[in-house]
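Only the coordinates and a few stated rules stand behind these numbers; no lab work does. Keep in mind it's a predicted model, so treat the numbers as computed, not measured. Note that we place each Cβ from the backbone using ideal geometry, even for glycine, and neighbour counts take in every protein chain shown.
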Amino acid sequence: QVQLVESGGGLVQAGGSLRLSCAASARILSIYIMAWYRQAPGKQREVVATVTGGGTTNYADSVRGRFTISGYSAQSTVYLQMDSLKPEDTAVHYCRIRAGRTDYWGQGTQVSVSS
């Protein structure tokens, strides 16, 4: 069973930066889309950014211009560069890779931003 392993979360002051990484334990073929989601306490999980196998990116309005997603299908890895972090970005962040009819999810990594 392929697993997604995330890293890079942590505690940072407002205005700081973090880079999240997500790597598959084995190569995933026919990747359709890679994405990052987040879930803050008491809130529903929401999509943060997506990148297709062809390289098209999309961002939530709340992070556009501050976050950058990069996906590498051949390596089955996806990154999220987060700059100008705000306290409202505090959440558990999850990566997701969809290939064919299969969804792979990471276990989540905590991002905490202090004011």
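Descriptive notes on the structure:
- Extreme residue, positive dipole direction of the chain, given options G16, V111, A26 (C-beta unit charges): A26
- In a simple Cβ point-charge model (Lys, Arg +1; Asp, Glu -1; nothing else charged), the range 61-102 has a dipole of about 240 debye relative to its Cα centre.
- Averaging the Cα positions of each part gives two centres, and for the range 42-94 and the range 1-15 these lie 12 Å apart.
- What the phi angles of the range 44-55 give under the Karplus curve with 6.51, -1.76 and 1.60, with θ = phi - 60°, is a coupling list of 6, 5, 10, 7, 9, 7, 9, 9, 7, x, x, x Hz, glycine and proline written as x.
- Here the chain is treated with +1 on each Lys and Arg Cβ and -1 on each Asp and Glu Cβ, and its dipole about the Cα centre works out to around 180 debye.
- Residue-by-residue Karplus 3J(HN,Hα) for the range 3-10, coefficients 6.51, -1.76, 1.60, Hz, glycine and proline x: 10, 9, 10, 9, 7, x, x, x
- Relative contact order (%) - the range 6-77, alpha-carbon pairs under 8 angstrom, separation at least six: 27 percent
- Put simply, the amide H of G10, placed in the peptide plane, has neighbours under 5 Å in V111, S112, leaving out anything fewer than 5 places away on its chain.
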